[in-house]
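Reviewing the structure listed below.
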Amino acid sequence: MNLSHLPTSLVVREYTPDDKDACLDIYRSNEDLLPADLIEAYADWLEMAHPTCW
């Protein structure tokens, strides 16, 4: 993936379970674009996302 168009100060890293609350906050802040009724499914997906990576 080419991320060269992003600001150089932006840090892109892998998701970790500690990121869950921040990810849900970002989702909520975009509910005009994202379906509000799917946030629970998104939270569940974050809970099980690649558990072998940590």
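The values are calculated or read from the model by the stated rules, or taken from the named source; none is laboratory data. The structure presented is a predicted model; accordingly, all values stated were derived computationally and were not measured. Glycine also receives a Cβ, built like all others from the backbone with ideal geometry; neighbour counts cover every protein chain displayed. Remember, those area values only see protein heavy atoms, side chains included, never the ligands or the DNA or RNA. Shrake-Rupley method; radii C 1.70, N 1.55, O 1.52, S 1.80 Å.
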Between GLU31 and GLU14, what is 0.36 nm times their sequence separation minus the Cα-Cα distance? Round to one decimal in nm. 3.8 nm
Looking at the chain, which GluC sites (Glu not before Pro) are in a loop (DSSP not H, G, I, E or B) and have at most 16 other Cβ atoms within 10 Å? GLU14, GLU31
Could you check how much of the accessible area of the chain is carbon and sulfur, as a whole percent, using a 1.4 Å probe? 57
Taking a ≥ b ≥ c as the square roots of the eigenvalues of the Cα gyration tensor, with a/c under 1.5 meaning rounded and otherwise prolate when a/b exceeds b/c and oblate if not, the chain is oblate
Figure the gain on full extension for LEU24 and LEU38 (residue separation times 0.36 nm, minus the Cα-Cα span) and round it to one decimal in nm. 3.9 nm
